[in-house]
Amino acid sequence: MAANTEAFSGGFSNPVFESQSVFRMVMDGMARPGTIRTVEQDAGQPDPLGSAAGAIALTLCDHDTPVWLSAGFSQSAVAEWIGFHSGAPITREKAEARFAFKEASSALSSFGLFSAGTQEYPDRSTTLVIEVEALGEGQELTLAGPGILHSTTAKVAGLPETFLRLWADNRTLFPRGIDVILTAGRHFLCLPRTTRING
Amino acid sequence: MYVAVKGGEAAITNAHRLLADRRRGDRSLPSVTIDQIAEQLGLAVDRVMAEASLYDRSLAALAVRQSRGDLIEAIFLLRAYRTTLPRFGSSVPLDTADMQVERRVSATYKDLPGGQLLGPTFDYTHRLLDPSLLSDEAVEEPARREAGEEAIMRVSDILAHEGLIEADGDLPQDQPAGDLTREPLEFPMSRDLRLQALARGDEGFLLALGYSTQRGYGRNHPFVGEVRIGEVEVEMDIPELGFAVSLGRIRVTECQMVNQFKGSSKAPPQFTRGYGLVFGQNERKAMSMSLVDRALRAEELGEDITAPAQDEEFVISHSDNVQATGFVEHLKLPHYVDFQAELAMVRKMRADIEAARNGENEMKDAAE
Amino acid sequence: MDVAQQTVPDTDLAGRRRCAGLLAGATLNEIRAAWDTLAEKPEARPVRGPETGLVMVRGRIGGGGSPFNLGEATVTRATVALASGTVGHAQALGTDKDKARLSAIFDALWQEEASRDFVETAILAPVETRLAAEEAQKAEETAATRVDFFTMVRGDD
């Protein structure tokens, strides 16, 4: 384990300020669903993790947030890198995960195994970070709900084809449910569980 | 009802300035240093660390200095500080059998392996004020004697061989421990969470509860199986190394209270145990904790719950002095609007009674 | 920013543990003194930290049962990489960042054949000697307070 140099590389060079900036961006993104944000901070993440996903991992994950990784990530240096820099334990149980990261074009069969929180503590749910091909081009989605005046559109390329059906199911669990962040390279947009999507 | 008002900023600023002045006191006297507090008021520092639930002698000494010796204020400061730090992980559970013992006494066995080691204790002092401490007289170096090679075994391991004393509980060795700093309290709670709450609980509150069990409110026939104080190694698994390393040593106090138990439908007659473990040197707290831990096991052991010390929700909800002081002391903050509302209500109730009384008198007058 | 590809020497784990434990037990002055005697100060790139955080100290119910959370302690840690690519880690109770940074460099130097002897003689051995002496002194001071019971009167006449 000690031999893995990729895990020891990268990380924020100024952890306090950089993670605060990224946190602010994620918070604003959740408050304004569907708006595209661009991460300037360099997290120095190993492939195949994207730079927005890497910065979000360093900002949000810590010792108290088990992280689940899709196969492409867990078989790379990503697992040790997140573990070393954020202290987060890597879990194979989706239900335990507070954050989950999926690489681009990996299959998405169900949200059901991730934690949707409880009726008393709906915040104890998984936030799923999904890498897609691109944001701002591709399939046009119409979004509505809290944080959106009337409705807005977001364009996403490479959204898993099951996503819209799974999202509709997720909406029915409210106040339980998962939240999603779509990432593409340096860009990301947030889809909190309150957002309605029409494809 | 809450109404936002503004004002008093200058008063607050000047109050803080005045506090700083009074904290410093007479400028012709030297200022007390952090090292002096840590070295010479060590037991105050220990209490602050235990109840703040943060082991750091220098920071606890700083808190004592900043709080002018108000220990609950110091505990509050240290608790607030700990919330600013990330958590790196959990230690390997401490091995108190491997302690470098500085004091160890047992009230149940005179000749136990390792012997009775009195250590730096106030016991057997005459509690007479010592005028020599008015000045800074030289203090003798401690006496020394060759230390035995004998292991200082835990007293619970001695009785255990006969099956007369219960084991350390039947939860698995690798059971994940609950953490009340991460999850909200829910009752009933497991013993691991209770011990965490008691370890940071207010010394005075636990002392009074322990005392109440001795006076008959949930009596549990205690004997001090053992009290030990000393340093233990703190080890942590380091994922990037792949093994556990020592982070250094901390001083703790451990109490094994042994309680006679007549048996119940749930457990046979045997000696049961209450457990106390506290940061620093504080056997009063460790002993109180072990008495209360045992009292709170009433339900598990099939005993009647009749006394405050056995009532888990009562004990655990009120043991934290930072919470308690916050709620009690908030009463002094402005409640102008609440009080005006109550004032109006009391005036109205009085007017209603007055009116009713006048009405009765008129009826009486009319009847006569 | 990748660390140069390194082959971690197949160090024996017990030795590495001992090194980490003694560095944690060392004072900043001891570590600085050793650093000052180092003829060529190695370049060390910070990889993580030095940073201060908390470790939750656990005890065991009854002393030997299942774990419970006793309370937290401050810990400061650092990870550095030498120009050679060797990565050193350090972690110790307290809030001393200089100690963590220098300890991590010594941890890295200990892993390299060329500098291990220096680390052993300049820092590990003296710290080990001091800790052992302190422990022995405390044990003797405590032993002096051991009660020797003796029988004053025996009741069988």
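What follows draws every value from the coordinates through simple rules; no lab data is involved. Predicted model only: the values in this text are computed from it and were never measured. Every residue, glycine as well, gets a Cβ built from its backbone with ideal geometry; the counts of neighbours run over all protein chains shown.
Of all segments of chain A bounded by GluC sites (Glu not before Pro) found in a DSSP loop with no more than 16 other C-beta atoms within 10 Å, the longest spans A:41-92. With 10 Å bins beginning at zero, the pair-distance distribution over Cα atoms of the range B:9-82 amounts to 21, 44, 28, 7 %.
Extending 7 Å from Cα along the Cβ direction at residue B:121 and again at residue C:83 yields two label points whose distance is 6.1 nm.
Charge tally for residue B:310 (other residues, Cβ to Cβ under 9 Å; Lys, Arg +1; Asp, Glu -1): -4.
Looking at the protein assembly as shown, what % of the alpha carbon pairs are farther apart than 46 Å?
Beyond 46 Å sits 35 percent of the P(r) for the protein assembly as shown.
Rounded, prolate or oblate for the range A:26-134? Axes are the square roots of the Cα gyration tensor eigenvalues, ordered a ≥ b ≥ c, and the cut-off for rounded is a/c under 1.5.
Details: a/c = 1.33, a/b = 1.12, b/c = 1.19.
It is rounded, given that a/c, with a ≥ b ≥ c, falls under 1.5.
Overall size of chain A from C-alpha positions, given as principal axis extents largest first: 51, 32, 29 Å. What residues from the range A:85-122 fall in the zone where the backbone N is under 13 Å from a label point 7 Å along the Cα-to-C-beta line of residue A:133? Correct set: A:104-106. Qualifying trypsin sites (Lys or Arg not before Pro) in the range B:60-139, where qualification requires a DSSP coil assignment and no more than 10 other C-beta atoms within 10 Å, comprise B:110, B:127.
Rounded to 0.05, the FRET efficiency of the residue B:217 and residue B:108 pair, given R0 = 22 Å and the Cβ-Cβ distance, is 0.40.
Suppose we look only past 18 Å in the calculated P(r) of the range B:224-354. What percent of the Cα-Cα pairs does that tail hold? Percentage above 18 Å: 73.
Computed over the Cα atoms of the range C:13-140, what is the convex hull's projected area averaged over all directions, in nm²?
Details: hull surface 37.5 nm².
If I average the Cα hull's projected area over directions, I get 9.4 nm².
By a straight-distance test (C-alpha under 24 Å), which lysines pair with residue A:155 as possible cross-link partners, with residues fewer than eight away in the same chain excluded? Filter leaves A:102.
Computed over chain B with a Gaussian network model linking Cα atoms closer than 10 Å, the most mobile of B:358, B:321, B:282 is B:358.
For residue B:266, a cut-off of 27 angstrom between C-alpha atoms picks up no lysines at all, skipping any fewer than 8 places away in its own chain. Kirkwood radius, the range B:141-209, all distinct C-alpha pairs, inverse of mean reciprocal distance: 16.3 Å.
What's the center-to-center distance, using Cα atoms, between the range A:139-199 and the range B:180-250 in Å? About 46 Å separates the Cα centre of the range A:139-199 from the one of the range B:180-250. Within chain C, what's the longest run with no chymotrypsin sites (Phe, Trp or Tyr not before Pro) in a DSSP loop and at most 12 other beta-carbon atoms within 10 Å? Give the range, please. By the stated rule (loop sites, at most 12 other Cβ atoms within 10 Å), C:1-148.
For the range C:108-157, a/c is not less than 1.5, where a ≥ b ≥ c are the root eigenvalues of the C-alpha gyration tensor, and a/b tops b/c. That puts it in the prolate class.
May I ask which of A:94/C:99; B:110/C:138; B:285/C:99 have a Cα-Cα span longer than 29 Å here? Walk me through the numbers on the way to the answer.
On the way: A:94/C:99 40 Å; B:110/C:138 23 Å; B:285/C:99 34 Å.
Listed pairs above 29 Å: A:94/C:99; B:285/C:99.
Please work out whether the range A:99-143 counts as rounded, prolate or oblate from its C-alpha gyration tensor, where a ≥ b ≥ c are the square roots of the eigenvalues and a/c under 1.5 means rounded, while otherwise a/b larger than b/c means prolate and anything else oblate?
Working: a/c = 2.66, a/b = 1.81, b/c = 1.47.
Judged from the Cα gyration tensor, the range A:99-143 comes out prolate (a/c at least 1.5, a/b above b/c).
Sequence-distant contacts, meaning Cα pairs under 8 Å at least 6 residues apart, place the relative contact order of chain A at 23 percent. Centre-to-centre separation between the Cα atoms of the range A:104-137 and those of the range B:85-118: 47 Å. The equivalent ellipsoid of chain B has semi-axes of 45, 32, 22 Å, largest first, where each one is the square root of 5 times an eigenvalue of the Cα gyration tensor.
Across B:189, B:287, B:349, mean-square fluctuation computed from a Gaussian network of chain B (C-alpha pairs under 10 Å connected) peaks at B:349. Summarising the amide proton neighbourhood of residue B:277: residues at separation of 5 or more, or on other chains, whose placed amide H is nearer than 5 Å comprise B:255.
Net charge in the neighbourhood of residue B:17 (other residues with Cβ under 12 Å of its Cβ; Lys, Arg +1, Asp, Glu -1) is +2. Database remark: amide H of residue C:72 closer than 5 angstrom to the amide H of B:54, B:55, C:57 (H placed geometrically; neighbours at sequence offset of 5 or more, or on other chains; Pro and chain starts carry no H). Here is how the number arises for chain B: DSSP H runs of 4 or more residues each give -39500 (n - 2.57), the sum is divided by the residue count, and the result at 222 nm is -12000 deg cm²/dmol. Angle check, please: helix B:42-52 long axis (alpha carbons) against the longest principal axis of chain B (alpha carbons), in degrees 0 to 90, nearest 10. That helix lies at roughly 60 degrees to the long axis.
Which of C:93, C:38, C:13 ends up with the largest GNM mean-square fluctuation for chain C, with Cα atoms connected below 10 Å? Of C:93, C:38, C:13, the Gaussian network model singles out C:13 as fluctuating most. Helix-only arithmetic for chain C: the sum of -39500 (n - 2.57) across DSSP H runs with n ≥ 4, divided by the residue total, places the mean residue ellipticity at 222 nm at -13000 deg cm²/dmol. Using equal-weight Cα scatterers in the Debye expression, the normalised intensity of the range B:209-263 in log10 at q = 0.25 Å⁻¹ is -0.98. Computed from backbone phi, the HN-Hα couplings of the range A:27-37 come to 4, 5, x, 5, 6, 10, x, x, 7, 8, 10 Hz, rounded to whole numbers (Karplus: 6.51 cos²θ - 1.76 cosθ + 1.60, θ = phi - 60°; Gly and Pro given as x). Loop-located trypsin sites (Lys or Arg not before Pro) in the range B:224-327 (DSSP state other than H, G, I, E, B) with a sparse environment of at most 10 neighbouring Cβ atoms within 10 Å: B:262, B:266.
Simple spin-label estimate for residue B:343 and residue A:42 gives 6.5 nm between the two label positions (7 Å along the Cα-to-Cβ direction from each Cα). Here the residues B:109, B:336, B:124, ranked from fewest to most Cβ neighbours within 10 Å of their Cβ, fall in the order B:124, B:336, B:109. Helix B:9-24 and the long axis of chain B differ in direction by around 40°, with both axes built from C-alpha atoms. Ranking B:36, B:12, B:66 by Cα position along the charge dipole of the range B:9-82, where only Lys, Arg, Asp and Glu carry charges on their C-beta atoms, puts B:12 farthest toward the positive end.
Translational diffusion of the range A:119-199 was estimated from the Stokes-Einstein equation, with Rh taken as the Kirkwood radius over Cα pairs; at 25 °C and 0.890 mPa s the coefficient is 187 µm²/s. Given +1 at the Cβ of Lys and Arg, -1 at the Cβ of Asp and Glu and no other charges, the dipole of chain B around its Cα centre is 1000 debye to the nearest 20.
If I take R0 = 45 Å and measure r between the Cβ atoms of residue C:14 and residue C:150 in this structure, what FRET efficiency does the formula 1/(1 + (r/R0)^6) give, to the nearest 0.05?
Details: r = 45 Å, r/R0 = 1.00.
FRET efficiency, residue C:14 to residue C:150: 0.50.
For chain A, what is the mean residue ellipticity at 222 nm derived from helices alone (per DSSP H run of n ≥ 4: -39500 (n - 2.57); sum divided by total residues; nearest 500 deg cm²/dmol)? Please report the intermediate quantities before stating the final value.
Values: 5 runs with 49 residues, N = 199.
Theoretical 222 nm ellipticity from helices: -7000 deg cm²/dmol.
Working note: Karplus 6.51/-1.76/1.60 with θ = phi - 60° gives the range C:132-147 the couplings 5, 5, 5, 5, 5, 4, 4, 4, 5, 5, 5, 4, 5, 9, 6, 7 Hz, where Gly and Pro are set to x. Taking GluC sites (Glu not before Pro) in DSSP loop states with no more than 15 other Cβ atoms inside 10 Å as exposed sites, chain C has its longest site-free stretch at C:44-157.
Applying a DSSP loop filter and a limit of 15 other Cβ atoms within 10 Å to the trypsin sites (Lys or Arg not before Pro) in the range C:73-157 leaves C:154. Here the alpha carbons of the range B:1-138 define both size measures, Rg and Dmax, at 21.3, 69 Å. So for the pair residue B:80, residue B:132, with labels modelled 7 Å out along Cα→Cβ, what separation do we get in nm? Between residue B:80 and residue B:132, the label points sit 4.2 nm apart.
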